[in-house]
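Working notes, structure below.
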Amino acid sequence: MKSTSAVKARAQARASHDIGAAPAEVRRLTVDRRLDEAVGGLRARSPELSAATGLWPWQRRALIGGAAVLIAGLVLAPETALVVLLAILAVPFLCVVLLRVIALWQLRAPAAGRSSVVGGAGDEEQLPVYSVLVPLYREAAVVPGLLAALRALDYPKDRLDVMLIVEAVDAETIAALRGAEIDAHMRILEVPDGAPRTKPRAIQYALQIARGDYVVVYDAEDEPEPDQLRRALTALRAGGDSIGCLQAQLNIYNSDASWFTRQFTVEYTVLFDCILPALERLRLPVPLGGTSNHFPRKVLDAVGGWDPYNVTEDADLGIRLARQGWHVGVLPSTTWEEAPLTFRNWKGQRTRWLKGWMQTYLVHMRRPRLLWRELGARRFIGFQVLMAGMILSSLVHPWFYVLIAADLWHGRLLAVPDGVFGQWLLGIGIVNLVLGYISAIALGTVAAARRGRLRLAAHALMMPVYWLGISFAAYRALWQLVTAPFHWEKTEHGISVSRDDAAAAVQAAASAR
């Protein structure tokens, strides 16, 4: 599973991390090598796994051909085309509903699995070095709170390697970091400017000089539970050589700030408390969240780290881990985050996520037969349901309303189609729509209640409206996939609540559990 050249390159980079006293020319060459590895390492070693190379010719032909057939069908025989399209979409949509039902069924036992990992990880002197990678870009406002959250981590400071990774062009954040009181176990790493200017490029640059045997990535606004590193280490050691990553559960501390934060909180709670644990139990591929991913360092070296050209490098890495036989687990420890407060901020973040999921799906479907062999039939189907189903549902959802409006306009809303086949498809379509809403709302209500947030349960009823916003972002993502595939839309942080208010919200939610 391990690339010898990749491991050797990273070992050389780590060996040369202390170059402060070296001549300027040596420092420049070392920085250049790190940049080359961060930007082009995965692409050079495994071009078929890098989003940098775009669509393969057969994929381009298939997409153009499929679009042409669909348009021709809608023009020449619209009713037949819609029936065929509904038949194609029925199966993946039903599978998404089934996944929600399974996740809901597995919540029967309250707080199941949350006590499976206990606190400590052994004697203090036996704890390994843990590297904490924190990429920052235009994050000056959250620097004081970030440093407080990092200081709160319950782990020996002499075994912590905290790297505050900032873009060299981000003068404001650099000034905020230099003006703050940085502890001895923390260091500021400036990433030279270059393309693509993405989070995975920054952390891939930093990974080469990380000192830890274990690595975690946190976002700038994160508040991980203090014992999270110890709990992750305990679980990683207990999992043996097969475990490649632990994804901590993410949740929101500013849930009451706006309508969008309330919807986002319900969505996050469903995903990280319900869906991802269900995927883990079913042994299906787990697309990682963008933060609180805990890795053995050797695993990151083996799989090639993050793809700097994929704007959801986390989801992509989760699929690559599955392809190479690593297991991804869900860690019963929470990292609290800030949800986007406004539609403008939410729209940019969601567009980037959907664009990255599209990138991830297209990259891993470049060689479908190889993907089938590496994942096996069951996990291959799971990948299709999860990734393709999520993308398709986002794109197709608003058209159900368009069709309902058209039928209402023509007075055919409750008309039964001619023929048994059309009647069956109409029934399947209605069942899909109704079960999709019911399963999502039920799961959102139960998930929020299990977090002690009963006041949010009622907001799950607004999910269908929220999904229309996701569909808008999906079409925006599709456009960017063509016009600006590597553009990273920045999510602004520190604009919703003060850090003191955030800490109070975290404590209240934790007490409610």
Review point. Looking at segment 340-348, is at least one residue touching a residue at least 40 places away in the same chain (Cβ under 8 Å), open to solvent by 40 Å² or more (accessible area, probe 1.4 Å) and among the aromatic types (Phe, Trp, Tyr)?
Key: yes
**Study point:** Residue in segment 2-11 that is closer than 20 Å to GLN324 by Cβ, at pLDDT 90 or above and not aromatic (Phe, Trp, Tyr) present
**Key:** no
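Conditions tested, residue by residue: (1) open to solvent by less than 10 Å² (accessible area, probe 1.4 Å); (2) among the aliphatic types (A, V, I, L, M); (3) under 23 Å from GLU37 (Cα atoms).
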position: ALA195; (1), (2), (3): no, yes, yes
position: LEU207; (1), (2), (3): yes, yes, yes
position: ASP213; (1), (2), (3): no, no, yes
position: GLU221; (1), (2), (3): yes, no, no
position: PRO224; (1), (2), (3): no, no, no
position: ARG230; (1), (2), (3): no, no, no
Point to revise | Every residue from segment 286-308 that is within 15 Å of the chain's Cα centre (by Cα), over 21 Å from ASP273 (Cα atoms) and either open to solvent by 10 Å² or more (accessible area, probe 1.4 Å) or among the charged types (D, E, K, R) (or both) | key: ASP307
Review point. If you go through segment 155-183, how many residues are surrounded by fewer than 17 Cβ atoms within 10 Å (Cβ to Cβ) and part of a helix (DSSP H, G or I)?
Key: 7
Exercise for review: For segment 343-383, name all the residues that are in a helix (DSSP H, G or I) and either on the phi > 0 side of the Ramachandran plot or acidic (Asp, Glu) (or both).
Suggested key: GLU374
Exercise for review: Go through (1) over 27 Å from GLY41 (Cβ atoms); (2) surrounded by fewer than 22 Cβ atoms within 10 Å (Cβ to Cβ); (3) modelled with pLDDT of 95 or more and name the single condition MET186 misses.
Suggested key: (1)
Exercise for review: For segment 232-257, enumerate the residues that are crowded, with 22+ Cβ neighbours inside 10 Å and under 20 Å from ILE319 (Cα atoms).
Suggested key: LEU236, GLY244, CYS245, LEU246, GLN247, ALA248, GLN249, LEU250
Check your understanding: Considering segment 369-382 alone, what residues qualify as being at pLDDT 95 or above and open to solvent by less than 40 Å² (accessible area, probe 1.4 Å)?
Key -> LEU370, LEU371, LEU375, GLY376, PHE380
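Got a sec? Which helices (runs of 4 or more DSSP H) wholly within segment 384-470 have at least 1 residues that are at pLDDT below 85 and hydrophobic (A, V, I, L, M, F, W, C)?
The helices (runs of 4 or more DSSP H) meeting that bar are 389-409, 420-450.
Among the residues of segment 65-78, what is the count of those that are part of a helix (DSSP H, G or I) and either surrounded by 11 or more Cβ atoms within 10 Å (Cβ to Cβ) or under 28 Å from the mean Cα position of the chain (by Cα) (or both)?
6
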Exercise for review: Can you confirm whether segment 165-183 contains a residue that is closer than 30 Å to VAL328 by Cα and touching a residue at least 40 places away in the same chain (Cβ under 8 Å)?
Suggested key: yes
Practice item. Just name the residue that is least open to solvent (accessible area, probe 1.4 Å) out of those in segment 309-333 that are assigned to a loop (DSSP other than H, G, I, E, B) and closer than 21 Å to ILE381 by Cβ. Key: TRP326
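The values are calculated or read from the model by the stated rules, or taken from the named source; none is laboratory data. Quick caveat: nothing in here was measured; it's all calculated off a predicted structure. Cβ coordinates were reconstructed from backbone atoms using ideal geometry, including for glycine residues, and neighbour counts include every protein chain displayed. Just so you know, the surface numbers come from the protein's heavy atoms only, side chains and all, with ligands and any DNA or RNA stripped out. Shrake-Rupley method; radii C 1.70, N 1.55, O 1.52, S 1.80 Å.
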